Amino acid sequence: MRIEEMNKDLKQAYQTMVDTVEDLVVNQGENLQQALHTAEEQLSEWKELSQAEVEEITTELKHDFKKLDENLNESREAYKEEFKKEAAYVTDSVWSKLLAIMNTNTAQLIAFEKNLKDRVDAIKSDDHLTEHQEHTQWDSEHALWRAEIALWKKEHAEALDKLHTIETAIDQHSQLLDEHAQAITAHEAREHEHEETMAKAEKDPTSHVFEVKDEAKVAVHEQEKQEHQQHAELHDTMRKHHFAMMSLVNKLYKETRQATH
């Protein structure tokens, strides 16, 4: 089917068929051939489509599965853009559904596209039949594993970039802690100065100089009280942020240690 020939109805029909196959295969456990047959029968009930168009859409979906099967040994994400260029009707949502069906039925797809029945007919021994079936299963698993390894390596590279961002954020948080500590020290110095002034005034109540200084500190004390409350709220916020961040970092560190030992 050429892309330019796929009108709105055909694109909707293709999407509906993918949804049906996904439900039958992933959720209900049917094999791929049964699911395709059922989806084709349901699509035949559409008044907007001719039987020829139904068959053409079914053929197109089978062809798309074949392309996915042939590229199992490549990274799925790396192949995604190339696949979408060739099949412009495939949206991100459709792509995810195709992969879900493919991952659920990897062995079935291999058997379906390589025509396992013809290979089995050529086998002369029942013992070989089991061995050939196992080899086919292993081949499908190996292909999927290679695809996942390629995807995981790509995600590892992205994780390293994220770790660099996390490292920068931790450095910035440390700088904020330094500023917070300096503000606390300055506030504490003003507090001690006020305490000393009050102590001198109490020792010599006849001193006019100390009395004036003591009165001047009354308004300042109210300001210091507000500042202290602000420091308390800020410190509480920074404590929660620190504990949350360290918990995640330590958990990631433990997981990493377990994965490498």
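The values are calculated or read from the model by the stated rules, or taken from the named source; none is laboratory data. None of the values given here were measured: they were computed from a predicted structure. No Cβ is skipped: glycine too gets one built from the backbone with ideal geometry, and neighbour counts run over all protein chains shown.
Among the residues of the range 158-170, is any within 30 Å of Gln229 (Cβ to Cβ) and either part of a helix (DSSP H, G or I) or not hydrophobic (A, V, I, L, M, F, W, C) (or both)?
Taking every residue of the range 158-170 in turn, at least one turns out to be within 30 Å of Gln229 (Cβ to Cβ) and either part of a helix (DSSP H, G or I) or not hydrophobic (A, V, I, L, M, F, W, C) (or both).
Report the residue count in the range 125-150 for those that are over 21 Å from Lys66 (Cβ atoms) and modelled with pLDDT of 80 or more.
Total satisfying the criteria: 2.
Within the group Glu30, Glu74, which residue is within 30 Å of Ile149 (Cβ to Cβ), at pLDDT below 70 and outside any helix (DSSP H, G or I)?
Glu74
State the number of residues belonging to the range 195-245 that are among the aromatic types (Phe, Trp, Tyr) and at pLDDT 75 or above.
Going through the range 195-245 one residue at a time, the tally reaches 1.
Before we move on, is Lys47 over 32 Å from the mean Cα position of the chain (by Cα) and basic (Lys, Arg)?
Answer is yes for this residue.
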